[in-house]
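To start, the structure under review is shown below, and the notes come after it.
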Amino acid sequence: MKAISVKPMLYLDTGVLSTFMHSNTPLNDFTLVYSDAHLLDWKNADNPTPELDFLSSQNALHLSQRDDKVLASPKDANLAFQQVTDFDVAPMGKLWAMMHGGGADQNAEITMQSIIRELTGVPVSFDSQAISPYQKDRRLSIRDIDQVWARTESQVKKQYPSDDQNPINTIAHSLCGDDLREFQKAFPENLTSFSEIQIACGVLSLMGIGQSKGLRKQKPIAAEAGEHDYIDCQHIAFGLHCDAFITADVATAEKATYLSNYWNLRTVICLREKIRRPEAP
């Protein structure tokens, strides 16, 4: 599953990497790696140059997706940053918020028009008379799914007692037949691709597990939370291809740990407190 590397690959998420570079911790036993998820995070940063220069000085490897597999290759971080585009991040943030019942727009048509316009640059107008599964004033959302999930999880645990604290295993053990096969479309027994991790991360978020704060708000902040959740899924998908994955985000650690345990991956996952980057003298 992992790309070939002489030393164990170490993946630090964006928050950790920004402080790790000031800790003087030796990296002699590890190969530091970064991905486009880091670069997308830094697209909105005031000054990502110190982090990019640090990656270059460490000869960090760039993780990329090819044919749904993850490959590690030498690539200067500054060059990679110039080449990456966040073209689809904002539309995905709005879509993800809408699916969770959040966002500033009050109906599905307005949100979808905005997303299509951002992706294509072409204004669109939906025929309000067209047959649609959504009424004009109805939000495209999964309302209160976290409360529903909490009740479902409680009922499943009562009916199928288990010492396993992993909710993915708890549900899988409670299902059979067609229900289990449907569940395994999101959580296959055997992990084979990068996309499967991304999809599973998204489903966990829809369940209310490791969900970004503000995703259900009826305000523009929901779209920002959606962007964070979208990029977070990429961090996890790349991080679980490495030997060690350190994050400063509790939600990220939660989802990564559940998925790693479910698939019996060997990635060591650590949660580190996020420390503010020191100001330049």
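In the stretch 194-205, the residues that are touching a residue at least 24 places away in the same chain (Cβ under 8 Å) form Cβ pairs under 9 Å with partners that are surrounded by fewer than 22 Cβ atoms within 10 Å (Cβ to Cβ) and of a type in the set (Asp, Glu), at six or more places apart or across chains, as follows: 194/68; 195/68; 204/254.
On the basis of being open to solvent by less than 30 Å² (accessible area, probe 1.4 Å) and touching a Gly at 6+ places or on another chain (Cβ under 9 Å), does residue 37 make the cut? Outline the logic, then answer.
Details: open to solvent by less than 30 Å² (accessible area, probe 1.4 Å): yes; touching a Gly at 6+ places or on another chain (Cβ under 9 Å): yes.
So residue 37 fits the description; yes.
For residue 24, are the conditions met, namely being assigned to a loop (DSSP other than H, G, I, E, B), surrounded by fewer than 17 Cβ atoms within 10 Å (Cβ to Cβ) and either among the small types (Gly, Ala, Ser) or on the phi > 0 side of the Ramachandran plot (or both)? When the stated conditions are applied, residue 24 passes them. Applying the criterion of being more than 17 Å from residue 249 (Cβ to Cβ) and either within 13 Å of the chain's Cα centre (by Cα) or of a type in the set (A, V, I, L, M, F, W, C) (or both) to the residues of the stretch 201-220, the residue that is surrounded by the most Cβ atoms within 10 Å (Cβ to Cβ) is 207. Entry remark, the stretch 38-73: residues being assigned to a loop (DSSP other than H, G, I, E, B) and hydrophobic (A, V, I, L, M, F, W, C) number 2 in total.
Only one residue in 95, 17 is part of a helix (DSSP H, G or I), at pLDDT below 90 and open to solvent by less than 40 Å² (accessible area, probe 1.4 Å). Which one? Answer to the check: 17. Highlighted here are the helices (runs of 4 or more DSSP H) found entirely within the stretch 162-281 that include at least 3 residues which are hydrophobic (A, V, I, L, M, F, W, C) and at pLDDT 90 or above: 194-206, 221-239, 250-262. Screening the candidates 32, 55, 63, 10 for the property of being within 18 Å of residue 231 (Cα to Cα) and open to solvent by less than 20 Å² (accessible area, probe 1.4 Å) yields one hit, 63. Against the conditions (1) over 22 Å from residue 20 (Cβ atoms); (2) crowded, with 20+ Cβ neighbours inside 10 Å, residue 185 satisfies every one except (2). Hey, does the stretch 54-70 have a residue that's out of contact with any helix residue (DSSP H, G or I) (no Cβ under 8 Å at 6 or more places or on another chain) and within 22 Å of residue 196 (Cβ to Cβ)? Yes: one or more hits.
The values are calculated or read from the model by the stated rules, or taken from the named source; none is laboratory data. On a predicted model such as this, the values are computed, not experimentally measured, just so you know. For neighbour counting, all protein chains shown are included, and Cβ atoms are generated from backbone atoms with ideal geometry for every residue, glycine included. When the accessible area is computed, the model is the full protein with side chains, heavy atoms only, and any ligands, DNA or RNA have been set aside. Shrake-Rupley method; radii C 1.70, N 1.55, O 1.52, S 1.80 Å.
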